[in-house]
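The values are calculated or read from the model by the stated rules, or taken from the named source; none is laboratory data. Model, not experiment: these values are computed from the prediction. Note: ideal-geometry Cβ built from the backbone for every residue, glycine included; neighbour counts use all protein chains shown. Please note that ligands, DNA and RNA were not included when accessible areas were found on the heavy atoms of the full protein model with its side chains. Shrake-Rupley method; radii C 1.70, N 1.55, O 1.52, S 1.80 Å.
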Amino acid sequence: SNKLSQAEALLPDLTAIYASRDPPQPLPRVIYRRLVQACTHCGEFEQALGYADELQLMYQNEPSDPRQDETLVGYIVDGCFRARNVNNATRLLEWLREENADGKRRYDLVEQHYNQLIRLFGNLNRPDKAMEVLHLMRADVGVSTFAYNSVLGGFANSYDTAAATALFEKMRDGVDGAPRPDVHTFNHMIQCFGRARQLQQSFVRQSSQHTQ
């Protein structure tokens, strides 16, 4: 967009200012973070990833700052969430899992990022991708009831009662370290069966849970 081009037009002068210092310095991390944020607001998704890569390359010989990295990734995830673009969300997931030359992941994900991605794929009727993120989350930072409920919400959006039931039963029985259901879990199950026009099954299932 025009506004993004205007922001990028400032980069040569900024670069020159920091390069002329003694000793010469690269552009500060905050500049790159703001560029990434601007790209996501303008819908320039690949450009945002490019600036994030450039930032990591620029500071590859210095210790990373987890809080700054978390903010940066948060901007990109938020941008995907606003755009509601399944291709961008899938590309983001691939990008985050790619490794650099040292065999390390580009950026670490925190629980909040995983939850946002799960909700995003669920809202886009891609519960298969939401489950993929859930498995990654379990292996990386551990899972929460919120994450499982977000996947159930995705199954509700796609009317997939069989998959929702299978996941619910894992939560009920604690399979694979699944968290216990809460009131939101049951709400998602009712919603799923209701959208699939199988509401009677939902009430039967809920009643059986209370009698066990």
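Results, tabulated for the structure shown:
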{"quantity": "Potential extension, E8-R138 segment - 0.36 nm per residue separation minus Cα distance", "calculated": "42.9 nm"}
{"quantity": "From phi via Karplus (6.51, -1.76, 1.60), per-residue ³J(HN,Hα) for segment 171-179 in Hz, x at Gly/Pro", "calculated": "5, 4, 9, x, 6, 6, x, 5, x"}
{"quantity": "Carbon and sulfur %, accessible surface of the chain computed with the full protein complex present, 1.4 Å", "calculated": "49 percent"}
{"quantity": "Aspartates and glutamates with Cα under 18 Å of K104, excluding same-chain neighbours fewer than 8 positions away", "calculated": "D53, E54, E62, D65, D69, E70, E94, D140"}
{"quantity": "Where Rh is the Kirkwood radius over Cα pairs, Rg/Rh for the chain", "calculated": "1.11"}
{"quantity": "Per-residue HN-Hα couplings for segment 117-129 [Karplus 6.51, -1.76, 1.60; θ = phi - 60°; Hz; x = Gly/Pro]", "calculated": "5, 4, 4, 4, 5, x, 5, 8, 6, 10, x, 4, 6"}
{"quantity": "Size of charge dipole - the chain - debye, nearest 20, with Cβ of Lys, Arg +1 and Asp, Glu -1, no other charges", "calculated": "900 debye"}
{"quantity": "Nearby lysines by direct alpha-carbon distance to K129 (threshold 20 angstrom, same-chain neighbours under 8 apart not counted)", "calculated": "K170"}
{"quantity": "Probe 1.4 Å, protein heavy atoms only - accessible area per residue of the chain in square angstrom", "calculated": "55 Å²"}
{"quantity": "The chain: most fluctuating residue of L57, L35, L134 per GNM, C-alpha cutoff 10 Å", "calculated": "L57"}
{"quantity": "Estimated distance in nm for a label pair at Y159 and T15, the labels positioned 7 Å out from Cα along Cα-to-Cβ", "calculated": "5.3 nm"}
